[in-house]
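**Student:** Right, I'll just put the structure down here and ask away after.
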Amino acid sequence: MNNAVILAGGQGKRMKSDIPKPMFKVLGEPMLEWVIKACESADLSSLCIVKGFMAEYIDEYLNGRYETVLQSERLGTGHAVMQAREFMEKNSGGNTLVLCGDAPFIDSDTIKKSLEMHINEDNSITVITAQIEHPHGYGRIVRNKDTNRLNSIVEEKDATEAQREIKEVNSGAYWFKTADLLEYLGELTQNNSQHEYYLTDSVFIAINKGRNVNAYISENENVVLGANDRKGLLELNTVARMAVIEKHLENGVEFTCTDGVVIGRDVKIEAGTEILAGTQLLGNTVIGKDCVIGPNCIIDDCVIEDGVQLNTVQAYKSQIDAGVKIGPWVHIRPGSHIKSGVKIGDFVEIKNSTIGEGTAVAHLTYVGDSDVGKKVNFGCGTVTVNYDGIVKSRCEIGDNCFIGCNTNLIAPVKLGKAVYTAAGTTITKDVPDYALAIDRGTVQIKEGYSLRKLKKRLEKA
Ligand code: UD1
Ligand code: CA
């Protein structure tokens, strides 16, 4: 059986932060999660995560999902793998993939193809590498001049001038025969400029024992990219962000300007939809065809059908049906279902409510915990008063109701079909079908009143 050991013990001092480096996020997901997902999609389910700096942070995040071991002091990548000895001994007949928790772009294709090479060539170690333009900071792959086979991995700090010119670098991911790895771990020394146990030294040890060692050059050069500081993290985010956008471009999604556009990896968008600047599409959001989303939207975990237009909208965990137009400046909170043909205008908040087909909520309105029928018209400033400070209650509004401006609906309350409410009315009891509800004092007019006041006011000024 094959295992994976993910190294996530490092601090990342240059991040200047109190969280473990592999927990920094790329496109909204911790780098560690990217690495875990790559393993999962390569059908590796036996995973062990080495934690160290701020281990409790990683425990809390993983919540028991995978086995972990603690590296109580940071003595290098070789030392980190040593902590997983017991985990590996359980399956020592198979192979172990070692991965860096701070290199998120390792992919399942690379994992599978490198394993194929590892098995076909009967290698003791297969190092995953890539050729990159700027190799600075990475371990260099030194090959034998005659055979072109891997000779050793030399760290930047230990490399000669000539070795620093090498553009093939170590991704920090390798396949080992598990039994061999256990053997090499016992032979690592701290004999280098950083006085660390380098896992990379196992290559040299294996070759000296006459074992097969080779390097698999990944087609995806991003596999090596890691973040050692905030600038590196921003670069990773840019790479990931543009890769997702490119995938959508290929699928026929339109972008005229990608400034501020962030799309999560799991988001699905159909062809013909246009995404405008400043828009973040997150979680498991699904968007149909011919929509215009943006500018300036945050859409998280929503299902959006065809032909929807959203302008400056934030929407969370909700469903928006075909042909709906929303915005600008609208907040759709979790649990809402906006049915087809609805129009929602500026400064409206909808929470945990269903809005029926063809209904209009044009301005300055709060609809919370409500079931609204079809073709209802909300006047400006309507409020469903759903909370009395202790419990939340629902409002029901029948089809074709016409809600006057500044109506308050004190929940729980039900308006029947086609009810009219007069502007400024506070509804405290159910209203039957086809009725008008009106709640108004008589307007009193006091003639000449303001003339006296006005004189005093003008004198004061
Ligand atoms: C390592 C490799 C280098 C490779 C690079 C790829 C070694 C000696 N060098 O260098 O050849 O090009 O990765 O990114 O292996 N970690 C621990 N405990 C430790 C030290 C590190 O868990 O004591 C973890 C870190 O959290 C990180 C990973 O191991 O996820 C790599 O460690 P890092 O210190 O970043 O190694 P590099 O210097 O980048
Ligand atoms: Ca690193």
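The values are calculated or read from the model by the stated rules, or taken from the named source; none is laboratory data. What you see is a predicted model; the values in this text were computed from it and never measured. Backbone-built Cβ (ideal geometry, glycine too); neighbour counts: all protein chains shown. Side chains are part of the model used for accessible areas, which takes the heavy atoms of the whole protein and leaves out ligands, DNA and RNA. Shrake-Rupley method; radii C 1.70, N 1.55, O 1.52, S 1.80 Å.
**Student:** Can you work out which of the residues in region 111-134 that are surrounded by fewer than 23 Cβ atoms within 10 Å (Cβ to Cβ) and in a helix (DSSP H, G or I) is farthest from ligand 2 (Cβ to nearest atom)?
**Tutor:** Asn120
**Student:** Only one residue in Thr258, Thr178 is polar (S, T, N, Q), away from ligand 1 (no atom under 15 Å from the Cβ) and free of Cβ contacts under 8 Å to residues at least 60 places away in the same chain, so which one is that?
**Tutor:** Exactly one residue qualifies, and that residue is Thr258.
**Student:** State which residue is farthest from Gly12 (Cα to Cα) when the search covers only region 200-229 and only residues that are part of a loop (DSSP other than H, G, I, E, B) and more than 34 Å from the chain's Cα centre (by Cα).
**Tutor:** In this case the residue turns out to be Gly210.
**Student:** Can you tell me which residues in region 401-413 are surrounded by 20 or more Cβ atoms within 10 Å (Cβ to Cβ) and free of Cβ contacts under 8 Å to residues at least 40 places away in the same chain?
**Tutor:** Once the filter is applied, which keeps residues that are surrounded by 20 or more Cβ atoms within 10 Å (Cβ to Cβ) and free of Cβ contacts under 8 Å to residues at least 40 places away in the same chain, region 401-413 yields Cys401, Ile403, Gly404, Thr407, Leu409, Val413.
**Student:** Can you report the number of residues in region 4-22 which are within 14 Å of ligand 1 (Cβ to nearest atom) and open to solvent by 10 Å² or more (accessible area, probe 1.4 Å)?
**Tutor:** Of the residues in that region, 9 qualify.
**Student:** Okay, next question. Tally up the residues in region 284-312 that are of a type outside the set (A, V, I, L, M), over 18 Å from the mean Cα position of the chain (by Cα) and surrounded by 23 or more Cβ atoms within 10 Å (Cβ to Cβ), please.
**Tutor:** Total satisfying the criteria: 2.
**Student:** Of the residues Asp158, Asp201, which is within 13 Å of ligand 1 (Cβ to nearest atom), modelled with pLDDT of 95 or more and closer than 30 Å to Glu73 by Cβ?
**Tutor:** Asp201
**Student:** Please go through region 1-19 and give me each residue that is assigned to a loop (DSSP other than H, G, I, E, B) and in contact with a Lys or Arg (Cβ under 7 Å, 6 or more places away or on another chain), ordered by number.
**Tutor:** Within region 1-19, Gly9, Gly10, Gln11, Gly12 meet the criteria.
**Student:** Out of all the residues in region 227-248, which are over 24 Å from Val267 (Cα atoms), in contact (Cβ under 8 Å) with a residue 24 or more places away in the chain and within 14 Å of ligand 1 (Cβ to nearest atom)?
**Tutor:** Of everything in region 227-248, those that are over 24 Å from Val267 (Cα atoms), in contact (Cβ under 8 Å) with a residue 24 or more places away in the chain and within 14 Å of ligand 1 (Cβ to nearest atom) turn out to be Ala227, Asn228, Asp229.
**Student:** Consider Tyr197 against the criteria (1) part of a strand (DSSP E or B); (2) under 28 Å from Met23 (Cα atoms): it satisfies all of them except one. Which criterion is unmet?
**Tutor:** Here Tyr197 clears every test but (1).
**Student:** Give me the pairs, please: first residue somewhere in region 195-224 and within 15 Å of Asn148 (Cα to Cα), second residue anywhere and within 16 Å of ligand 2 (Cβ to nearest atom) and among the polar types (S, T, N, Q), beta-carbon distance under 6 Å, and either six or more positions apart or on two chains.
**Tutor:** Ala215/Thr129; Ile217/Thr129
**Student:** Could you look through region 396-451, keep only residues that are part of a loop (DSSP other than H, G, I, E, B) and of a type in the set (S, T, N, Q), and pick out the one that is farthest from Phe378 (Cα to Cα)?
**Tutor:** Gln444
**Student:** Looking only at region 313-323, which residues are over 19 Å from Asp369 (Cβ atoms) and open to solvent by less than 30 Å² (accessible area, probe 1.4 Å)?
**Tutor:** If the condition is that a residue be over 19 Å from Asp369 (Cβ atoms) and open to solvent by less than 30 Å² (accessible area, probe 1.4 Å), then Val313, Asp321 are the ones that fit.
**Student:** A further question follows. Would you please list the contacts, defined by Cβ atoms under 7 Å and residues six or more apart or on different chains, that run from a residue in region 37-51 that is more than 17 Å from Met88 (Cα to Cα) to a residue that is open to solvent by 20 Å² or more (accessible area, probe 1.4 Å)?
**Tutor:** Ala38/Asp107; Ala38/Ser108; Ser41/Ser108; Ala42/Ser108; Ala42/Lys112
**Student:** Can you name every one of the helices (runs of 4 or more DSSP H) wholly within region 34-95 that holds 2 or more residues which are closer than 25 Å to Gly186 by Cβ and away from ligand 1 (no atom under 15 Å from the Cβ)?
**Tutor:** 85-89
**Student:** Output the residues belonging to region 84-105 that are aliphatic (A, V, I, L, M), within 16 Å of ligand 2 (Cβ to nearest atom) and touching a Phe, Trp or Tyr at 6+ places or on another chain (Cβ under 8 Å).
**Tutor:** Scanning region 84-105 gives a single hit, Val98.
**Student:** Determine which member of the set Leu44, Leu27 is surrounded by fewer than 23 Cβ atoms within 10 Å (Cβ to Cβ) and over 23 Å from Leu182 (Cβ atoms).
**Tutor:** After ruling out the rest, the residue left standing is Leu27.
**Student:** In addition: Just to verify a result, which residue in region 218-230, among those that are surrounded by fewer than 16 Cβ atoms within 10 Å (Cβ to Cβ) and not polar (S, T, N, Q), is farthest from Glu121 (Cα to Cα)?
**Tutor:** Arg230
**Student:** Let me ask you something else. Among the candidates Glu187, Glu156, Glu168, which residue alone is out of contact with any Leu (no Cβ under 6 Å at 6 or more places or on another chain) and open to solvent by 50 Å² or more (accessible area, probe 1.4 Å)?
**Tutor:** Being out of contact with any Leu (no Cβ under 6 Å at 6 or more places or on another chain) and open to solvent by 50 Å² or more (accessible area, probe 1.4 Å) holds for just one of Glu187, Glu156, Glu168, which is Glu187.
**Student:** Which condition breaks for Ala173 when tested against (1) part of a helix (DSSP H, G or I); (2) within 16 Å of ligand 2 (Cβ to nearest atom); (3) not β-branched (Val, Ile, Thr)?
**Tutor:** (1)
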